[in-house]
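Have a look at the structure below, then the notes.
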Amino acid sequence: MGDERAALVAGARQLQVDLDAGAAAALLRLLDELARWNRAYNLTAITDRAQMLTHHLLDSLSVAPFVQGSTVVDVGTGAGFPGLPLALIAPQRRFVLIDSNGKKQRFVAHATRTLGLANVKALQARAEEVRPAQPFDTVVARAFAPLPQLLQRVAPLCGPGTRVLAMKGQLPVDEIAAVVPPWVIEQVVPLTVPGLHEERHLIIVGCRLKP
């Protein structure tokens, strides 16, 4: 466990995320709960503990420096990634984790209670059907849908100034080229996730929708 915690803290530091002892312990407890539930409910195809640390925890934390504002929504959160790790390290922000899969949302709700995350709300729904009272400051999505379809589906969650963080593997050149106003590609960021020997890119999209 000590080696695992050291690997997590060192990997997070490479991603410009400083974890204190409490945060590191909570993130590893999240993996404990995921592994326990996964044996019964098959929440994720990744079962190797080391891969869970890289593919779920560190991959989630890789976008932390790009989150803005006080309200964040994770669409297609699955078993709570990247939303749960991001919420755990940013208690000052409010997170809504959306997914239509009831089994996975039950795990998100369980993990939220277990970790005492008062800043997280689990919402079982389709992203395009959600109508928040106020637009979110940041929308994050990991492998949710091709970029044009993603933007169409999250439009009801956005307003002027919303930042959409689309987490991708290989650079989706054709998807980027298909983005049209009112959406604007602000930045394409190659990400290097420690211990994860796969391509990762973050596509940051600005919202120019009228209020």
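The values are calculated or read from the model by the stated rules, or taken from the named source; none is laboratory data. For clarity, every value in this text was computed on a predicted model and none was experimentally measured. Here the Cβ is made from the backbone with ideal geometry for all residues, glycine too, and neighbour counts use every protein chain on show. What goes into the accessible areas is simple: the full protein's heavy atoms, side chains included, and nothing from ligands, DNA or RNA. Shrake-Rupley method; radii C 1.70, N 1.55, O 1.52, S 1.80 Å.
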statement: Note on region 7-45: residues in a helix (DSSP H, G or I), farther than 25 Å from residue 110 by Cα, open to solvent by 20 Å² or more (accessible area, probe 1.4 Å) and touching a helix residue (DSSP H, G or I) at 6+ places or on another chain (Cβ under 9 Å) are 7, 14
task: With the condition kept exactly as written, say whether any residue in region 121-129 is part of a loop (DSSP other than H, G, I, E, B), charged (D, E, K, R) and over 24 Å from residue 196 (Cα atoms).
output: yes
message: So in region 46-77, with the set limited to residues that are of a type in the set (S, T, N, Q) and assigned to a helix (DSSP H, G or I), which one is farthest from residue 168 (Cα to Cα)?
response: 51
Residue that is most open to solvent (accessible area, probe 1.4 Å) [pool: residues in region 123-150 that are more than 17 Å from the chain's Cα centre (by Cα) and among the aliphatic types (A, V, I, L, M)]: 133
- line: When region 90-102 is checked residue by residue, the ones that are exposed (fewer than 15 other Cβ atoms within 10 Å of the Cβ) and either under 20 Å from residue 62 (Cβ atoms) or of a type outside the set (Ser, Thr, Tyr) (or both) are 91, 92, 102
- prompt: Which of (1) over 22 Å from residue 72 (Cβ atoms); (2) more than 18 Å from the chain's Cα centre (by Cα) is the odd one out, the single condition residue 194 does not satisfy?
  reply: (2)
query: Picking from 95, 66, which residue would you name as being touching a Leu at 6+ places or on another chain (Cβ under 9 Å), without any contact (Cβ under 8 Å) to a residue 60 or more places away in the chain and of a type outside the set (A, V, I, L, M)?
result: 95
